[in-house]
Amino acid sequence: LKFVKYIAPRLIALTGLLVLFNWVYTEIFWWDDLEEHADVLNNMRKVEMDAPVLYFGESSNFNTSEKDVDKRRISDFLDDALLNVQVDYVEKGALHAGIYASLAKQLAEDARVEMLVVTLNLRSFSADWRHSALENYLSKVDMMLQKRPALLNRLLLSLKHYENLSIEERSATIVELWNTEKIEGNLGYDNISDWDRAVGSVGILNEDGSRNEELTQLATSLIKQFGLTIDTSSNRRIAEFDRLVQICKQRNIQLVFHLMAENHEAMKKLVGEEMIQILYHNQKLLIDRYHRNGVKVVDNLFALEDERFTDSSFPTEHYDDVGRKIVAQNVADSLAKWYPDKFVVEAIK
Amino acid sequence: MLFNSLHFLLFFPVVIGFYFALKARYRWILLLGASYYFYAAWKVEYIFLILFSTLVDYWMAILMSSRSSKKERRPFLVFSLISNLGLLAFFKYYAFANESLASGFQLFGVTYEWYEFESLLLPVGISFYTFQTLSYSIEVYWAKIKAERHLGIFALYVSFFPQLVAGPIERFTSLGKQLRQAHQFSIENFRNGARLMLFGFFTKMVVADNLGTYVDAFYANPEAFDSGAAWLATLMYSLQIYGDFYGYSLIAIGAALTMGIKIMDNFRNPYFSRSIMEFWRRWHISLSTWFRDYLYIPLGGNRGSQGKLVFNVILVFLFSGLWHGANWTFVCWGGIHGVVYLMERFSGKPAAGPVLSTIMGLKTLLFVNLAWLFFRSPDFSTAKSVFLQLFTSGPEGKSLELEAQMIFIVMFFLALDWLSRNNRFDSWIAERSLFIRWVTYAVLIFGILAFGGTDNQPFIYFQF
């Protein structure tokens, strides 16, 4: 009882202080901290409240090639193709479903967004991306965007209460997943490590029979990035996309997934037909799953040829201006086909 | 488990709650379980190292206690020393020793090959609990204390979670005895413990972690900065390492105090020392006294010739450097401290008077700052280049600018450190008026909540 008498007034005083501190912090310091630690939120703050279509994208949206005549983003092209509606965008390199879900929750209550188009990037399901070094930043962003008192989020930030792993820990996890995640189908390889070793040991050969190290590295990268058959029960990306679906349903926002174009020609040439089989498998799995959940999926997976990809040493979804225009046009056409009374579309100039 | 983690902030109140709810005779079980959990939260496997050290020293002490002469007890002490230091040497110094040998052989054109253990991680706190348990074995050998028969109490002495991973390195005569006592809940202890923890969290999370961001930025590419930045980074590192270790120690002492267990102070305003000799009476006191009691005095201390004294002092400082890290830079850091210590010792009593005292204090601070260069630098070439940079500046070097809030944080911390120079922080704050107390608490709490460092800054002494 003595202790209760001692502690109670102090706890009340402390609670009052905390409420005051939270107000002071939110008013004076919060936005600076967000700018420093979760700058993607600033993109959200810049979103036009009147834009009915919002496009969420990673680096594929803004990456351009030096040779590009037209430097517009995919979302810019989409905006131009859809004549009667405004399309705004939120972008940041390496964004994925986990952050999209948190960003969607941040949409202002009075925003007029009716449709959210987000990139569905096959590579983001890979162990590489699920545990890339950028995940520390992204999981920090995710933590900062949680709807809690701002001061609590700030404390959790300094306590590193997010997935804050060292490069070594992440590398070890990635290698373990390459060794343990089973590849479905009878491809002759149990897992990515097996496949990687098989291709890497022989290598990609030049016409004269010598080993081409650059192409061998690209081939093994393709295996590591795309060689998995997505396990819907354990792949965290699935759970994150599912969360996004739920948030959009609650907000009454139509969700559209933009299945990104991948360099299938390079995959077929360097890795073989097995890789294309896996692409088909994952494509069907994702489209079926999200159609069932009321999500529209624009399928651009095989929409581009090899020459449209701007990175030759590592698999990315970076397209040249023609490539960006093609995928944007496909998205616009699909939207107009699904919602003819909402969208008027024209060919992108 | 880190002190500055949500995990600990949830773990600690639960332990305290159960601790006082339990009957005193069962508390050791709770604390032992909590301590192993605390350690296993980092890496489960390495619990076995603590268990090994515990069992070895427990049995060796029992065996020693039944022998009447030192000669009979000696083999058991030797076994304890070899077992504990062997583990320490393997985990901490194996790679360092082999790399040094390889470099040495290379000078003579000989290739030295050795097996590298790729997944060998340095067990957190191994240097601390090894030294703690060794102090027990040595004291039993000297027949200064009796062997502890209760394995649980002894295991708890080795692994008591507040000071398990970074000290203070406690003696069995103090901690072991307290672990047996039935501590009643005391508001006084709880209040003082909470005060120390609050100040400790501020010192670690706000002062040290934020300074660490600037220091890391500088050391990532020292050549890019100018001379002023080199001085500022050097000064900031001095404050960072102090804040980091002092903060940790305060949390450890405070956490134990809430349970009624008193752990020794590890720091007494070391940067206000007027000499290096004084500095070592104020910095990492539990380690300094360990080396004094178990190495320096057994070697003969200051008895005998001047040559013997020089040898003993230098040896202790070199070992102290090596204890800190498996790198020649640490040995060098220890060595130069030893040399200056001896210079002060042979130059007689320092002059008295406030002006001279201040000058001596500034001189000591300057030396300690410069010596930290070797501690912070990953290698000699970095240390050398930063040292030269202090006195020469490239024309295009960047400056290192502190944000206004960081300046306020540092000034506030230094003010508290200065004001509490004659007392520990908990005693000092207790004597202040209600207004001053709560203003201080408010600044500390707001600092922790709103300005904690956001970069990865693990406790510096964890690596030791």
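A few notes on this one:
- Of the residues in segment A:272-292, not one is in contact (Cβ under 8 Å) with a residue 12 or more places away in the chain and outside any helix (DSSP H, G or I).
- Within segment B:266-295, the set of residues being crowded, with 20+ Cβ neighbours inside 10 Å, polar (S, T, N, Q) and under 14 Å from the mean Cα position of the chain (by Cα) comprises B:ASN266, B:SER286.
- Listed by position, the helices (runs of 4 or more DSSP H) contained in segment A:12-86 that have at least 2 residues being under 27 Å from A:ASP142 (Cα atoms), in contact with a Lys or Arg (Cβ under 9 Å, 6 or more places away or on another chain) and more than 14 Å from chain B (Cβ to nearest Cβ) are A:40-45, A:59-62, A:74-81.
- Meets criteria (within 13 Å of chain A (Cβ to nearest Cβ), of a type in the set (Asp, Glu) and in contact with an Asp or Glu (Cβ under 8 Å, 6 or more places away or on another chain)) for B:ASP209: yes
- Residues (of a type in the set (Ser, Thr, Tyr) and either under 19 Å from B:GLY152 (Cα atoms) or part of a helix (DSSP H, G or I) (or both)) located in segment B:34-89: B:SER35, B:TYR36, B:TYR37, B:TYR39, B:TYR46, B:SER53, B:THR54, B:TYR58, B:SER65, B:SER80, B:SER83
- One residue alone among B:LYS146, B:LYS177 is surrounded by fewer than 19 Cβ atoms within 10 Å (Cβ to Cβ) and within 17 Å of B:TRP59 (Cα to Cα), and that residue is B:LYS146.
- Looking across segment B:240-253, the residues that are over 11 Å from B:GLN163 (Cβ atoms) and of a type outside the set (Phe, Trp, Tyr) come down to B:GLN240, B:ILE241, B:GLY243, B:ASP244, B:GLY247, B:LEU250.
- Residues that are of a type in the set (S, T, N, Q) and surrounded by fewer than 14 Cβ atoms within 10 Å (Cβ to Cβ) within segment A:155-170 comprise just one, A:SER166.
- Segment B:215-265, residues that are within 16 Å of the chain's Cα centre (by Cα) and farther than 19 Å from B:ASN423 by Cα: B:TYR237, B:SER238, B:LEU239, B:GLN240, B:ILE241, B:ASP244
- Taken over segment B:320-351, the criterion of being of a type in the set (S, T, N, Q), in a loop (DSSP other than H, G, I, E, B) and surrounded by 19 or more Cβ atoms within 10 Å (Cβ to Cβ) is satisfied by B:ASN327 alone.
Rundown of residues vs (1) without any contact (Cβ under 8 Å) to a residue 40 or more places away in the chain; (2) polar (S, T, N, Q); (3) closer than 30 Å to B:ALA208 by Cα, yes/no style:
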{"position": "A:LEU165", "(1), (2), (3)": "yes, no, yes"}
{"position": "A:ILE174", "(1), (2), (3)": "no, no, no"}
{"position": "A:THR232", "(1), (2), (3)": "no, yes, no"}
{"position": "A:ARG237", "(1), (2), (3)": "no, no, no"}
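- Residues of segment B:403-419 include at least one that is exposed (fewer than 15 other Cβ atoms within 10 Å of the Cβ), charged (D, E, K, R) and farther than 29 Å from B:MET264 by Cα.
- Selected residue (criterion: nearest to A:GLY188 (Cα to Cα)) from residues of segment A:236-260 that are buried (at least 18 other Cβ atoms within 10 Å of the Cβ) and of a type outside the set (A, V, I, L, M, F, W, C): A:ARG237
- Complete set of residues in segment A:1-11 that are outside any loop (DSSP other than H, G, I, E, B) and either exposed (fewer than 11 other Cβ atoms within 10 Å of the Cβ) or more than 8 Å from every other protein chain (Cβ to nearest Cβ) (or both): A:LYS2, A:VAL4, A:LYS5, A:ILE7, A:ALA8, A:PRO9, A:ARG10, A:LEU11
- Residue in segment B:4-22 that is farthest from B:LYS204 (Cα to Cα), counting only those that are at the interface with chain A (Cβ under 10 Å from one of its Cβ atoms) and touching a residue at least 40 places away in the same chain (Cβ under 8 Å): B:PHE20
- Residue in segment B:22-45 that is touching an Asp or Glu at 6+ places or on another chain (Cβ under 9 Å) and surrounded by 13 or more Cβ atoms within 10 Å (Cβ to Cβ) present: no
- Hey, B:VAL443 without any contact (Cβ under 8 Å) to a residue 40 or more places away in the chain, of a type in the set (Val, Ile, Thr) and surrounded by 15 or more Cβ atoms within 10 Å (Cβ to Cβ) or not: yes
- Any hit, segment B:383-395, residues being within 15 Å of B:GLY334 (Cα to Cα) and either at pLDDT 90 or above or of a type in the set (A, V, I, L, M) (or both): yes
- Residue satisfying all of: in segment A:137-189; aromatic (Phe, Trp, Tyr) and outside any helix (DSSP H, G or I); nearest to the other protein chains (Cβ to nearest Cβ) among these: A:TYR162
- Matching option when the condition is touching a Gly at 6+ places or on another chain (Cβ under 9 Å), within 14 Å of chain A (Cβ to nearest Cβ) and touching a residue at least 12 places away in the same chain (Cβ under 8 Å), among B:PHE462, B:PHE413, B:PHE451: B:PHE462
- First in segment B:416-435 and at pLDDT 90 or above, second anywhere and aliphatic (A, V, I, L, M), Cβ under 6 Å, 6 or more apart: B:ASP426/B:LEU196
- The condition (being under 20 Å from B:SER427 (Cα atoms), more than 13 Å from chain A (Cβ to nearest Cβ) and crowded, with 18+ Cβ neighbours inside 10 Å) is satisfied by just one residue among B:THR203, B:THR258: B:THR203.
- Qualifying residue in segment A:209-218 (condition: touching a residue at least 12 places away in the same chain (Cβ under 8 Å), more than 14 Å from every other protein chain (Cβ to nearest Cβ) and surrounded by fewer than 17 Cβ atoms within 10 Å (Cβ to Cβ)): yes
- Of the residues in segment B:426-435, not one is within 11 Å of another protein chain (Cβ to nearest Cβ) and buried (at least 18 other Cβ atoms within 10 Å of the Cβ).
- Residue within segment B:240-248 that is surrounded by fewer than 23 Cβ atoms within 10 Å (Cβ to Cβ) and part of a helix (DSSP H, G or I) present: yes
- Taken across segment A:104-111, residues that are buried (at least 22 other Cβ atoms within 10 Å of the Cβ) and either at negative phi or of a type in the set (D, E, K, R) (or both) do occur, with at least one present.
- Qualifying residue in segment A:106-125 (condition: modelled with pLDDT of 85 or more, acidic (Asp, Glu) and under 13 Å from the mean Cα position of the chain (by Cα)): no
- Among the residues of segment B:164-196, those identified as away from chain A (no Cβ under 14 Å), part of a helix (DSSP H, G or I) and of a type outside the set (D, E, K, R) are B:PHE172, B:THR173, B:SER174, B:LEU175, B:GLY176, B:GLN178, B:LEU179, B:LEU196.
The values are calculated or read from the model by the stated rules, or taken from the named source; none is laboratory data. Everything quoted here is computed from the prediction, not taken from an experiment. Note that each Cβ is placed from the backbone with ideal geometry, even for glycine, and that neighbours are counted across all protein chains shown.
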